[in-house]
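J.: Could you have a look at this structure, given as structure tokens, before my questions?
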């Protein structure tokens, strides 16, 4: 779980999708990922995910802890904390253990809180009660 000392600047990332990068396809990792560019596809990681202010994701996301400062369009599954920072925008359903929504953030979807025992199975691809997001199209519009 994150503490007050951990934030975007202090975290050590295994993978960085830079601001000038556009990635199309599914992304899988066991480490910590930061996205400042655009990702069109599903993301499934056993570590943590950070989405910077310029970051945009269109697809479903599964991770331990997720901090969003940018935009995400898709369903979110977190076995830990999902934190929407003040300028973030999340359109989709969420299934999380803990949810923090800063003032100014936008969330449009359904929320399901899971108990600690079942939250571990989220990372293993089980207990996802929501449907996958609609088919990803080539010419989507940004949030």
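J.: For a test of the definition: using alpha carbon positions, the gyration tensor, and the 1.5 limit on a/c, classify the stretch 56-104 as rounded, prolate or oblate.
T.: Verdict is oblate for the stretch 56-104.
J.: What does the extension gain come out to for residue 14 and residue 86, with contour length at 0.36 nm per residue minus their alpha carbon separation?
T.: Here the segment from residue 14 to residue 86 would lengthen by 23.4 nm.
J.: Going by the alpha-carbon gyration tensor, a ≥ b ≥ c the square roots of its eigenvalues, is the stretch 7-106 rounded (a/c under 1.5) or, if a/c is not under 1.5, prolate (a/b greater than b/c) versus oblate?
T.: Details: a/c = 1.24, a/b = 1.18, b/c = 1.05.
Taking the square roots of the gyration eigenvalues as a ≥ b ≥ c, the stretch 7-106 is rounded.
J.: Sort 23, 49, 84 so that the residue with the fewest other Cβ atoms within 10 Å of its own Cβ comes first and the one with the most comes last.
T.: On the way: 23 15, 49 28, 84 24.
The most exposed by this proxy come first: 23, 84, 49.
J.: Also, quick follow-up: What whole-number distance in Å separates the alpha-carbon centres of the stretch 85-103 and the stretch 14-37?
T.: For the stretch 85-103 versus the stretch 14-37, the Cα centre distance is 20 Å.
No value in this document is a laboratory result; all are computed from the given coordinates. Just so you know, these numbers come straight off a predicted model, no measurement behind them. All Cβ positions, even for glycine, are placed from backbone atoms using ideal geometry, and neighbour counts span all protein chains on display.
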